[in-house]
Structure formats: C-alpha cells, structure tokens
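*Asks:* I'd like to ask some things about the structure below.
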Amino acid sequence: MPAQDDVRERHMAALFNLTVLPDRKRGDVDAHLHLPDGSVLDFELKSTTTGKSISTVRDFGPRHVEKWRNMHWLFGIFDDHSVNMIRCHYASPAHMQQWVDAQVDYAQPDIILGKYAPLGVTMESVHELFGDREFYTRKEAESVMKRNWSVSQYAAASDHPDGYSGTAMLEIMRARCEYVMSRGATRNNPHIEAWRIRQFPEISAEHAQTLRSLTRQFLQTAADTEQATA
C-alpha cells in the first residue's frame, strides 16, 4: 500500500472512530465498526483524489467476492498530494452489490472453466508424474500442493499407512489444478468509477455519528427485507 494512501486511510479510521487491528496485514479487513449490541461491521477504506476512480486489488477473484459481499465501504476524496479530505462517501453492501455482481459476471466463464478443468486430470496423470506405484509419499504430495495445504490437511488426505494411495494422489492433483485455475479466474485491478461513488451517501459533518446512523438504516432495511421474504 503506498505510504500516502496508508496515512489517508488511518486518518479516515480515526475520523469515523473505527478500530484498526495493530497487526493488520495486507489482505486483512481495513477497519471495524463496533456496534452497541456487540456486533461488528467490516469496513474497506479507500482514498483517491478529486474526479478519479478508485483502484481495488490486482487479482480480483472469487475470494474477494466472498469477502466483499458483506463489506461496508468508505471512500475518501482528498486534495492532490495531501491528507486534506474534501468529502467522504459511505457504501453499504447493498450499495455495492451491483458493482460486485458486474465483476462476478466478468470472471464467471473463467470460474466455470476452472471448476471443470480438474476433471481432465486422470490416473494417467499421476503415473506420468510419479510412476505407477502402490502408494505415494508425503513429500510427493507436498511437491504438488506445496504450501497451499496445512499439516492437518495433508494428514486428512492420507489413506495409506505410508502416505497416499493412487486415488488419494489423484484427488490431490485435481485440487491443485483447481487452485491454479482459480488464480487465473481473476480481473486485474477493477476500478470503482467516480460517478458511482458520487451516488453514494455523502458524509461531511459529525462523521462518526452520521456513519453509525447510516449503518443502522442499512441493518434495519436488511432485517425488514429478510422478515418479509421469510
């Protein structure tokens, strides 16, 4: 994250009285809003300068869709080369649904292809890579899945006293194929358009209080909708 963006987003978190975990890493939730009832809302903080769209992530894919479906957003509009925020817009998950859906539609063909590609991996693939044997070792399994699996996952997949049967190794290779394909089912840094951001509710005063009022409205509307369709 560029240093200036980091400074701006820390400023936004403080202004809206949001919690930022001290050990937050790249890819983690930016900030959290703690509500009086004990629930917590996750927030994505984005900053840009006047009139510009906002970049998101380099490889937008299925894991981001899952993360962002229930995410709340704050978009800070700043002066060039400064931390002077001109205005800020709030977007609930409902506000962002259309944009997220558009990214899903773009990537969906690749996602479907990635889902079915592993079926092309057969026992012949196992034999070509490791030979036709009674079992395969943990080291060989790790050469396929690498660090994508935890110790417990490797243990759970083992079905032979000395490691993995041919059937188990086939499933491991298919899992790796699906992972590799899913990484290709991404969109490079989709931008959120400036015109779209301008349509979201603007917060220009009493920032923390106004944000909490807007989130309450969203939660109440969501609850009413769920009750009506139950």
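Every number here is computed from the coordinates shown, using simple stated rules; none is lab data. As the structure is a prediction and not an experimental result, all values here were calculated from the model. Counting neighbours? That spans all protein chains shown, and the Cβs are built from the backbone with ideal geometry, glycine included.
*Asks:* Any idea what Rg and Dmax come out to for segment 68-125 if you just take the C-alpha atoms, in Å?
*Replies:* According to the Cα coordinates of segment 68-125, Rg and Dmax are 19.8, 62 Å.
*Asks:* Could you check the spin-label model distance between Tyr154 and Val83? Points 7 Å from the Cα along Cα→Cβ, value in nm.
*Replies:* Going by the 7 Å Cα→Cβ label model, 4.5 nm.
*Asks:* Set the Förster distance to 45 Å, then compute FRET efficiency between Gln97 and Phe135 from the Cβ-Cβ distance, nearest 0.05.
*Replies:* The computed FRET efficiency comes out at 0.40.
*Asks:* For the pair Trp195/Lys52, report the inter-label distance in nm, with labels modelled 7 Å from Cα in the Cβ direction.
*Replies:* Output for this residue pair reads 2.0 nm.
*Asks:* Now for a different question. Suppose we take every Cα in segment 114-184 and form the convex hull; what volume per residue is that in Å³?
*Replies:* Spelled out: Cα convex hull of segment 114-184, divided by residues, is 82 Å³.
*Asks:* Just to be sure I understand: with springs between alpha-carbon atoms less than 10 Å apart, which residue in Ala156, Ala168, Ala107 has the highest mean-square fluctuation in the Gaussian network model of the chain?
*Replies:* Evaluated over the chain, the most mobile residue of the options is Ala156.
*Asks:* Residue separation times 0.36 nm, minus the C-alpha to C-alpha distance between Gln227 and Thr122: what's the value?
*Replies:* 33.0 nm
*Asks:* Along the charge dipole of segment 114-184, which of Gly184, Phe135, Ala157 sits closest to the positive end, that is, farthest toward it, with unit charges on the beta carbon of Lys, Arg, Asp and Glu (+1, +1, -1, -1)?
*Replies:* Gly184
*Asks:* Roughly how tilted is helix 207-229, in degrees to the nearest 10 and between 0 and 90, from the longest Cα axis of the chain?
*Replies:* 60 degrees
*Asks:* Another one. Rounded to the nearest 5, what % of the DSSP beta bridges within the chain are antiparallel ones?
*Replies:* Among the beta bridges of the chain, antiparallel pairing accounts for roughly 70 percent.
*Asks:* What pairs in Lys25/Lys146; Lys67/Lys115; Lys46/Lys146 have C-alpha atoms more than 29 Å from each other?
*Replies:* Listed pairs above 29 Å: Lys46/Lys146.
*Asks:* Hey, another quick one. Normalising by the residue count of the chain, find the relative contact order in percent from Cα pairs under 8 Å and 6+ residues apart. Show your work: numbers first, answer last.
*Replies:* Numbers: 299 pairs, mean separation 55.2, N = 230.
Here the relative contact order equals 24 percent.
*Asks:* Ignoring everything except DSSP H segments at least 4 long, calculate the 222 nm mean residue ellipticity for the chain; use -39,500 (n - 2.57) per segment, divide by total residues, nearest 500.
*Replies:* -15500 deg cm²/dmol
*Asks:* Ok, one more. If you compute Cα Rg over 2.2 N^0.38 Å for the structure shown, which of (1) 0.93; (2) 1.31; (3) 1.85 do you land on?
*Replies:* The value matching this structure is (2).
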